[in-house]
Amino acid sequence: MTVKAEAPLRATLDEARRAPFPPGRRSSLLMQHGTMQLRFYAPRGEDPQTPHDQDELYVVAKGTGFFRCGARRTPFAPGDVLFVAAGETHRFEEFSDNLELWVVFYGATGGEK
């Protein structure tokens, strides 16, 4: 019988800053449960993201700038939460050098309807 490890109850910014990025990824994985993944993302210079297969939330931990999602563009600051539907083109623009984000991916491939 295999015992499944429980997902951690807490993730800190200090842990996130030290967590390695897996090969080919721009974010570190801190928690996973079912379809949910909690990641840490801290782009520098530019944000080369491509659309993702799942819906996602960004929680701004540090930094400011603008967030583009499809044709819409909005400013953001620490404490803001940004939503992106699966498959939507999105990126951070004109952002500060200290940008740090929690990223939560969740739901079925293709997003929730």
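The values are calculated or read from the model by the stated rules, or taken from the named source; none is laboratory data. Because the structure is predicted, anything quoted here is derived from the model rather than measured. Cβ placement follows ideal geometry from the backbone for every residue including glycine, while neighbour counts extend to all protein chains displayed. These accessible areas exclude ligands, DNA and RNA; they are computed on the full protein's heavy atoms, side chains included. Shrake-Rupley method; radii C 1.70, N 1.55, O 1.52, S 1.80 Å.
Summary of computed values
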| quantity | calculated |
| --- | --- |
| Net charge dipole size for the chain [Lys, Arg +1 and Asp, Glu -1 on Cβ; Debye, nearest 20] | 160 |
| Segment 44-96 - accessible surface per residue (Å², probe 1.4 Å) | 53 |
| Carbon/sulfur fraction of accessible area - the chain, other protein chains in place, 1.4 Å, % | 53 |
| Farthest positive-ward along the chain dipole, Cα basis, beta-carbon charges - from PRO23, PRO78, VAL104 | PRO23 |
| Kirkwood-based shape ratio for segment 1-81, expressed as Rg/Rh from alpha carbons | 0.99 |
| Cα gyration tensor category, rounded, prolate or oblate, for segment 50-113 with a/c compared to 1.5 | prolate |
